[in-house]
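Peer 1: Quick one: the structure is below, questions incoming.
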Amino acid sequence: MAALEEEFTLSAVPLGAGPDGLLGVEQSDKTDQFLVTDSGRTVILYKVSDQKPLGSWSVKQGQIITCPAVCNFQTGEYIVVHDHKVLRLWNNEDVNLDKVFKATLSAEVYRIHSIQGTEPLVLFKEGAVCGLEALLAEPQQKIETVISDEEVIKWTKFFMVFRHPVLIFITEKHGNYFAYVQMFNSRILSKYTLLLGQEEKSVIQSFTASVDRKFISLMSLSSDGCIYETLIPIHPSDPGKSQKVVRSLVLKTVVSGNARNGVALTILDQDHIAVLGPPLPASKECLSIWNTKFQTLQISKELPQGTSGQLWYYGENLFMLHGKFLTVIPYKCEVSSLAGALGKLKHSQDPGTHSMSHFVNWETSQGHGFESQNSEPSKRILRRRKSETSVEPEVPASKQLLSTIKKDSEKHIEVELRKFLAIKRTPDFHTVIGDIVMGLLGRWKTEPSFYPRNSLMQLIQTHVLSYSLCPGLMEVALEKTDVQMLQLCLQQFPDIPEAVTCACLKIFLSIGDDILQKADVNMESVSAYSDAVQDEHMEEQSEILQNGFNPEEDNCDTCDKELSEKSQDTLETTLCPVIPKKAALLNAILRSAYSETFLLPHLKDIPAQHITLFLQYLYFLYLKCSENATMTLPGIHPPTLNQIMDWICLLLDANFTVVVMIPEAKRLLLSLYKFVKSQICICSELNKIEVSFRELQKLSQEKNNRELYSIEVLELF
Amino acid sequence: MAAAERGAARPTGDNRTSRRRRRRCREHSLRTSGLAPRALPGQSARARGSGAERGPRRSAGIRCVAYNNQSNRLAVSRTDGTVEIYNLSANYFQEKFFPGHESRATEALCWAKGQRLFSAGLNGEIIEYDLQALNIKYAMDAFGGPIWSMAASPSGSQLLIGCEDGSVKLFQIIPDKIQFERNFDRQKSRILSLSWHPSGTHIAAGSIDYISVFDVKSGSAIHKMLVDRQYMNVSKRKCIIWGVAFLSDGTVISVDSAGKVQFWDSATGTLVKNHLIANADVQSIAVSDQEDSFVVGTAEGTIFHFQLVSVTSSSSEKQWVRTKPFQHHTHDVRTVAHSPTALISGGTDTHLVIRPLMEKVEVKNYDAALRKITFPHRRLISCSKKRQLLLFQFSHHLDLWRLGSTVATGKHGDTLPLSKDADHLLHLKTKGPENIICSCISPCGSWIAYSTASRFFLYRLNYEHDSISLQRVSKMPAFLRSALQILFSEDSTKLFVASNQGSLHVIRLLEGSFKHLHTFQPQSGTVESMCLLAVSPDGNWLAASGTSAGVHVYNVKRLKLHCTVPAYNFPVTALAIAPNTNNLVIAHSDQQIFEYSIPDKQYTEWSRTVQKQGFHHLWLQRDTPITHISFHPKRPMYILVHDAYMFCIIDKSLPLPNDKTLLYNPLPPTNESDVIRRRTAHAFKISKIYKPLLFMDLLDERTLVAVERPLDDIIAQLPPPIKKKKFGT
């Protein structure tokens, strides 16, 4: 979490800051010491930790400093420019700036840049860049003009990229912005035109930049209060030719749009930027830290006395002019954690106050989690652009997609949808997906030929949909007899009404095998036994007691007599009565959630022969279950024994009178009867065993109790 | 101990071992059950009159709990009439208790007028307890037959009781007394539960098959809400309303024997909502002060948490939702309470369970963990070192055992064959219906003293070869009526008795008689009773501690107060004075241990070091308080302390553990060099071999005696819980 610490002012004396604030704050060669150049005649060296000045130098009356003092890290000298052309070099021991080394240049200097590890660079107002050493060797050398006549340098920054100094400066001409990237070693200068996109009229108020391997990421704060990012390649693909770069929105309305001045931004690290300015029109100025990755406001601090709209960031300190005083706010950013981003405070790990794991809180868990994110101080919808080259309108992607759905072709929708799903998920992702499905269904209603099956499948597989989010979807699938989609819905949705489940069951049972063969059904729940059921008869296991039940040895003599002559009976029951694809679909039904009370009335509507078929299949599954000791079916996500049992009971409850009357169901009922009987036997046996175990436990306890007293040897420490 | 000796003084490596005598006592405290669990009220009421012990003896289950928000204390009553007070601010320490009585089965317990505690029971009496003197202030007959329920008005100034004869009686609470005010309209059957409307204008009363709503002003019933008897389509004989709660919006919540939690509108007398939560009785209900959550307890040992939850995230409409079930009990949950941060439940299985509400807990500390309090936080066993005797205190009798012996030796972990088994020497039954408060055997083994709430008994024991004869010392002085704590001096010549008026009596014991030497009167203005005593082995010093005030040290030779140890926020759980140095070691309920030098009248250097560095965080997180402290006669650096789940030898010569070191480091392997042993060693040597540990003491240099109380034994004595079928459901 980013955090701002207590601010402090560097000097009790007001600085001679002009209306435009300070000229600059620059690092010196010692950490913790900074050169502050005011807009008049003075350069002051501050030690920040001591909050006091170490030295102060002024130019003569009548002269004026035009460029902030910097430190030459290679020599430890300080460099300043006064009256645009006069360079002064001095060090700590010097007292009077008049008596130090002086060089008068032939052109006006815009800035001197100095960073650790390289010699200082001088940027002239005409856009030329020159090393300090070369310049001092021949101060009056001719300086070429790089930029055109009316172009004015607005902002500049100097980086080291792999030990190569790179200088970037932004110029402006008639409201157009240009970026120049100067590779100092190779002396390549590339020019880019910054395209502002739609916000043509906006004026860029502040720049900041960071650099990585290949790109300079230039962030700009526009007068509309938004922050944009422009990626400028360091190594131009086609040097010499003017190229165009676009900017993309990073953060929306971080400062009030009509703030004229006092607006600045600076990049703190990869994900954080500091913004100075009033967050709302007519509010006081604020220093805010934003996380661009999560698009959240991390911390904000009000600066009631106003600022000069300048912000510098070195090390861990933010410098700004607050009122008349130079203020330092230490800034720290710990590694962001999810818990931190969600607002859960991380407790320090000192003993006694260990952090608690998160518990489900019934009072707040209902969607409040999302709200807390949306209720950021100023409800801004922030979205970072994925594409760097195209400037798209800032309609949320989902809205865009919905409009696409309304008119475009099926194919195009699919492509767009894939793109949309690739974007990272927002907290309201599931509702957005629900809206999209409803959009698709809405179009289907008006345009019956339009059936975006693939898109719908894709959406269902996001695992966030539920029946209540897209009530029409399954009805459509039922109408279209789209078994694959129905199977998917049954697998994914947690809240299917029993009526719909039953409708699915009806379709699955009635659908012809030839149609089914063509359908693409997920077979993983039956994969392990599909071959067995199709081709070969199950091996008879008369020797092994199947879950304590052997149909042959059962003592139901009277019924057995009728059946005994037909030896193939047992074989018949061990054959899967349905084709594997149908079995897979039925398994999806078995695995779905239901409530008995609501399911029963609908089960009564199923035709008798289908009921028989389903019962046969369930009985087959039961026999499969009892093959192994764990009483489970092979395969991935098979129905459990309990689910099978419950469905058998349900079906019989709902349709008993019908089933009893059907001659072909007679045999099945008999086997079911035997099987129930065997189950009762098992349960009673299990209960007996349980009681016996308890008695054994009691006995062993009593045995222990007899040893009430003992003498033991114990070696203690 | 012996091994420590070997390590320090005799590095010869001989296989010297310590012999530990260990016994599992049959019962730590035997309480007679006043009520058959889950009996219909009528049956138990009839049985009550007989006064005789019925059925097998069993530990006393919890009948009522009452939480006092003001002082953060919890009153717990058991089926044998014992009432215990737990201080929830002091790590749930059981700081006070009132002994039970055979004829006093409490059915209701409540706090009123701030800190006043009342109970009512099936003997038809309302009892007020004196929390300072730890005795019963008065008992008053309500003349309504057995009392089933009691509730204090929201203002705390009125007390309502529900009686067997169907009457609801209102009492005015006046200073030092209660006064009958009037009867409400008489109902046709007994009133089992009562609840006040928070405004104090109406009450709800649960009876059999119906709930009545009364207007307090007129005393007349304005609604009678009939409860459905049907349960799972089977008509039960009767539906008993075990609990009601009246909310400020006029909703009455009832729990009944058909397993239902029902919400009624008291204005219209209609049923609003019905939750069927159990296949057995729902026996108790408690609502939080904010009325946003409540808890119910069922006969299946489950408690359910209900919360008032918004229907949707945006709407203000809220409804009661059953959110969390907890199963911490094996038997009936007879009673529940709702503190601001925890659900408290107690029942037949004798456990008091404090389950914190995790959403209300911010940081992991003592209060964030589930607490199950099973054992009393005081010592019920005393031992005679000289004769190797153990005296066990039960609710109505004392048992004296002589420890066995062995001639064999062995190595670590061996159980040695006994050459002589332990003997049960004596079974001393009390006279009268009162429970024993405290007991003690003298170190020489020839005296036994015990006390009930109204009588003090002293016995002289004579040993002749294998036989033993007991002789009661008659003619106890009048002032020796009831004692909270009894202690013999090390040489068995003096007896110290802490009476419940705050005074300490010193008595000299002679052969067969005694002489009253002195009485230390409590400091003027205090009436607080002393609960813990410790005497120095040389007999010069006597330390006594009350429930909240500091520890006083008396000079026994000069018979005057020597000093008072600086007061500490948490109650004292154990006290002992070390031999030779006369350092007083004090254990507090927040697991702090102090060592105070009596001659110097200041904390010792070691104690200061400990306080400066602080105890190990795991030590401070322990569950149960230290109940006994003892010392090694030959090793002055050792302090032996124990709680219910561990014992610890504190070696003051070793460095203290810091939070990075392992607190519990069992014996390091012998193949490690001495250097490593020494480096990993720290002052707290903890062993968790015996648990639950009720008592542990050093008999001599090389013998420890430990008394365990296996939980299984307690459970085995309980009536069987409701059987749940595992198969074929």
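The values are calculated or read from the model by the stated rules, or taken from the named source; none is laboratory data. These numbers come from a predicted model, not from an experiment. No Cβ is skipped: glycine too gets one built from the backbone with ideal geometry, and neighbour counts run over all protein chains shown. SASA here: full protein model, heavy atoms, side chains in, ligands and nucleic acids out. Shrake-Rupley method; radii C 1.70, N 1.55, O 1.52, S 1.80 Å.
Peer 1: Ignoring any ligand, DNA or RNA, what whole percent of the accessible area of the stretch B:75-176 comes from carbon and sulfur when the probe is 1.4 angstrom?
Peer 2: Using a 1.4 Å probe with all protein chains present, the stretch B:75-176 comes out at 51 percent carbon and sulfur.
Peer 1: Right, another one. From the Cα trace of the stretch A:20-146, what convex hull volume per residue do you get, rounded to a whole Å³?
Peer 2: 104 Å³
Peer 1: Let me check I've understood the local charge: for A:Phe450, count other residues with C-beta under 13 angstrom from its C-beta, Lys and Arg +1, Asp and Glu -1. What total comes out?
Peer 2: So the surrounding residues net to +3.
Peer 1: Residues of A:59-65, mean number of Cβ from any other protein chain within 10 Å of their own Cβ, rounded to a whole number?
Peer 2: Across A:59-65, the average partner-chain Cβ count within 10 Å equals 0.
Peer 1: Please work out how many pairs of lysine residues in the stretch A:397-496 are eight or more positions apart (or on different chains) and have Cα atoms closer than 26 angstrom.
Peer 2: 19
Peer 1: Please give the per residue accessible area of the stretch A:20-146, computed with a probe of 1.4 Å over protein heavy atoms only, in Å².
Peer 2: Accessible area per residue: 43 Å².
Peer 1: Can you tell me how much longer the chain between A:Tyr673 and A:Ala499 gets when fully stretched, taken as 0.36 nm per residue apart minus their C-alpha distance, in nm with one decimal?
Peer 2: That pair, A:Tyr673 and A:Ala499, stretches by 59.8 nm at full extension.
Peer 1: Here is a follow-up. Probe radius 1.4 Å, ligands and nucleic acids ignored: give me the carbon and sulfur share of the accessible area of the stretch A:397-496 as a rounded percent. Walk me through the intermediate numbers first.
Peer 2: Numbers: 2610 of 4700 Å².
Carbon and sulfur together cover 55 percent of it.
Peer 1: For the ranges A:178-191, B:370-383, what's the packing order if you count other beta-carbon atoms within 10 Å of each residue, average per peptide, and put the highest first?
Peer 2: On the way: A:178-191: 17.5, B:370-383: 20.0.
Per-residue mean Cβ counts within 10 Å order the peptides as B:370-383, A:178-191.
Peer 1: State, to one decimal in nm, how far the label point of A:Phe8 lies from the label point of A:Gln701, with both points 7 Å from Cα in the Cβ direction.
Peer 2: According to this spin-label approximation, the distance is 7.0 nm.
Peer 1: Give the calculated FRET efficiency between B:Asp228 and A:Ala519 to the nearest 0.05, with a Förster radius of 60 Å applied to their Cβ-Cβ distance. Write out the running numbers ahead of the final one.
Peer 2: Numbers: r = 51 Å, r/R0 = 0.85.
Calculated value: 0.70.
Peer 1: For B:Arg508, put the label point 7 Å out on the Cα→Cβ axis and report which residues of the stretch B:538-560 keep their amide N under 20 Å from it.
Peer 2: Output list for this probe position: B:538-542, B:554-560.
Peer 1: Calculate the FRET efficiency for A:Ala608 and A:Ser692 from the Cβ-Cβ distance with a Förster distance of 51 Å, rounded to the nearest 0.05.
Peer 2: It comes to 0.70.
Peer 1: Still on this model: B:Leu618 versus B:Leu654, label points 7 Å from Cα toward the beta carbon: distance in nm?
Peer 2: 1.3 nm
Peer 1: Apply the Karplus parameterisation 6.51 cos²θ - 1.76 cosθ + 1.60, with θ equal to phi minus 60°, to every residue of the stretch A:507-517 and state each ³J(HN,Hα) to the nearest whole Hz, in sequence, with x for glycine and proline.
Peer 2: Running phi through 6.51 cos²θ - 1.76 cosθ + 1.60 with θ = phi - 60° gives 4, 4, 6, 8, 5, x, 5, 5, 5, 4, 4 Hz.
Peer 1: Excluding ligands, DNA and RNA, what is the accessible area buried between chains B and A, summed over both sides, using a 1.4 Å probe, to the nearest 100 Å²?
Peer 2: About 4500 Å² of accessible surface is lost on pairing.
Peer 1: Also: With each label point set 7 Å from Cα along the Cα-Cβ vector, what nm distance links A:Lys85 and A:Arg453?
Peer 2: Here the answer is 8.2 nm between the modelled labels.
Peer 1: Counting only the backbone N, which residues of the stretch B:386-427 are under 13 Å from the spot 7 Å out from the Cα of B:Arg702 toward its beta-carbon?
Peer 2: B:406-411
Peer 1: Across the stretch B:378-507, how many lysine pairs, 8 or more apart or on two chains, come within less than 18 Å at their alpha-carbon atoms?
Peer 2: Eligible lysine pairs with Cα atoms under 18 Å apart amount to 6.
Peer 1: Tell me the mean residue ellipticity at 222 nm calculated for chain B from its helices only (DSSP H runs of n ≥ 4, each -39500 (n - 2.57), averaged over every residue, nearest 500).
Peer 2: Numbers: 6 runs with 42 residues, N = 729.
Value at 222 nm, helices only, nearest 500: -1500 deg cm²/dmol.
Peer 1: Hey, another quick one. Using a 1.4 angstrom probe, figure out how much accessible area the stretch A:397-496 has per residue, in square angstrom, rounded to the nearest whole. Kindly include the intermediate steps, with their values, before the conclusion.
Peer 2: On the way: 4700 Å² over 100 residues.
For the stretch A:397-496, the solvent-accessible area averages 47 Å² per residue.
Peer 1: Then there's this: Quantify how strongly other chains surround peptide B:536-546 by giving the mean number of their Cβ atoms within 10 Å of each of its Cβ atoms.
Peer 2: For peptide B:536-546, the averaged partner shielding equals 0.
Peer 1: Averaged over its residues, how many other protein chain Cβ atoms are within 10 Å of peptide A:677-688's Cβ atoms?
Peer 2: Taking the mean over all residues of the peptide, I get 2.
Peer 1: If each residue of separation counts as 0.36 nm, what is the full-extension length gain between B:Lys688 and B:Asp141 once their alpha-carbon separation is subtracted?
Peer 2: Here the answer is 192.0 nm.
Peer 1: Below 8 Å between Cα atoms, with a sequence gap of 6+, how large is the relative contact order for chain B in percent?
Peer 2: 9 percent
Peer 1: With a 1.4 Å probe and all protein chains left in place, how much of the accessible area of the stretch B:486-537 comes from carbon and sulfur atoms, in whole percent?
Peer 2: 51 percent
Peer 1: Let me ask another. For B:Arg608 and A:Lys214, what is the calculated FRET efficiency with R₀ set at 60 Å and r taken between the beta-carbons, to the nearest 0.05?
Peer 2: The value I calculate is 0.40.
Peer 1: Here is a follow-up. Mind listing, in residue-number order, the residues in the stretch B:329-359 that have at least 30 Å² less accessible area with every protein chain present than in their own chain alone (1.4 Å probe)?
Peer 2: Going by heavy-atom accessible area, the residues of the stretch B:329-359 that drop by at least 30 Å² are B:Met358, B:Glu359.
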